[in-house]
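The values are calculated or read from the model by the stated rules, or taken from the named source; none is laboratory data. If you're wondering where the values come from, they're calculated on a predicted model, not measured in any experiment. No Cβ is skipped: glycine too gets one built from the backbone with ideal geometry, and neighbour counts run over all protein chains shown. SASA here: full protein model, heavy atoms, side chains in, ligands and nucleic acids out. Shrake-Rupley method; radii C 1.70, N 1.55, O 1.52, S 1.80 Å.
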Amino acid sequence: MNSIITTDRLIIRNWLESDISSLVQMNKDRDVMRYFLSTMSDRESFDFYNRISAHFNKTGFGLYVVESRESNEFLGYTGFMIADFESSFTPCIEIGWRFNKRFWGKGFATEAAKACLDYGFSILNFEKVYSFTSKHNKKSEAVMKRIGMSKIGEFSHPKVPVNNELRLHVNYIIEKEGHLTS
């Protein structure tokens, strides 16, 4: 088993090629991708998987698969990426998550993100971690609050077209100093 972290309900682990089909299906879902510019085609999801793998190879960390301990089913992912678009706070370490909508509202994103933060601060020795999303994505913003992050402002995401409703993003941070493990 290639688990990195376990919680009461979750296994947080490295990717297997067998996870790609679940990732492809999740990224095609309009509800899951509501706060992104579009859903992803099969090719775009394969490319995304390859970027995740390249990020792991370069940094030693990345986005991890989240699966159910009970059923071993792919629920989604959570973990870290280096955000390097042009902004006042980048480059930075970002924590992010995406879950199949069948698993929304069950606390999995919060549970997985808390466990990843603990891992990031205690094992990877991160000093601070950011998270950001479209101002309209209230559910993801609620996860940021539940995992102990503090809002530091809003910004116009430079990779979102100027007149797009998704351009304005909320920005949250959590620092190692003062972070309490769950």
Report every pair of residues separated by at least 6 positions or lying on different chains whose Cβ atoms are under 6 Å apart, first residue within the range 83-104 and at positive phi, second in a strand (DSSP E or B) and open to solvent by less than 80 Å² (accessible area, probe 1.4 Å). none
Select from the range 1-31 the residues that are in contact with a Ser or Thr (Cβ under 8 Å, 6 or more places away or on another chain) and of a type in the set (A, V, I, L, M, F, W, C) and list them in ascending order. LEU10, ILE11, ILE12, TRP15, ILE20, LEU23, VAL24
Residues of the range 28-54 satisfying the condition of being in a helix (DSSP H, G or I) and free of Cβ contacts under 8 Å to residues at least 24 places away in the same chain: LYS28, ASP42, ARG43, GLU44, ASP47, ASN50, ARG51, ALA54
Given the conditions (1) over 17 Å from the mean Cα position of the chain (by Cα); (2) in a strand (DSSP E or B), every one holds for ILE12 apart from (1)
So GLU94, is it in contact with a strand residue (DSSP E or B) (Cβ under 6 Å, 6 or more places away or on another chain), open to solvent by 20 Å² or more (accessible area, probe 1.4 Å), part of a strand (DSSP E or B) and not small (Gly, Ala, Ser): yes
Residues of the range 156-182 classified as open to solvent by 20 Å² or more (accessible area, probe 1.4 Å) and assigned to a strand (DSSP E or B), total: 4
Here are the criteria: (1) out of contact with any Phe, Trp or Tyr (no Cβ under 7 Å at 6 or more places or on another chain); (2) within 22 Å of GLU154 (Cα to Cα); (3) open to solvent by less than 70 Å² (accessible area, probe 1.4 Å). Tell me which single one PHE103 does not satisfy. (2)
So is ILE82 open to solvent by 40 Å² or more (accessible area, probe 1.4 Å), at pLDDT below 95, of a type outside the set (Phe, Trp, Tyr) and not in a loop (DSSP other than H, G, I, E, B) or not? no
Condition test on ASN57, is it at pLDDT below 95, open to solvent by 20 Å² or more (accessible area, probe 1.4 Å) and at positive phi? no
In the range 145-155, how many are out of contact with any helix residue (DSSP H, G or I) (no Cβ under 8 Å at 6 or more places or on another chain) and in a loop (DSSP other than H, G, I, E, B)? 1
Regarding ALA142, is this residue closer than 20 Å to SER22 by Cβ, part of a helix (DSSP H, G or I), free of Cβ contacts under 8 Å to residues at least 60 places away in the same chain and among the small types (Gly, Ala, Ser)? no
Quick one: count up the residues across the range 18-45 that are of a type in the set (A, V, I, L, M, F, W, C) and loosely packed, with under 15 Cβ neighbours inside 10 Å. 1
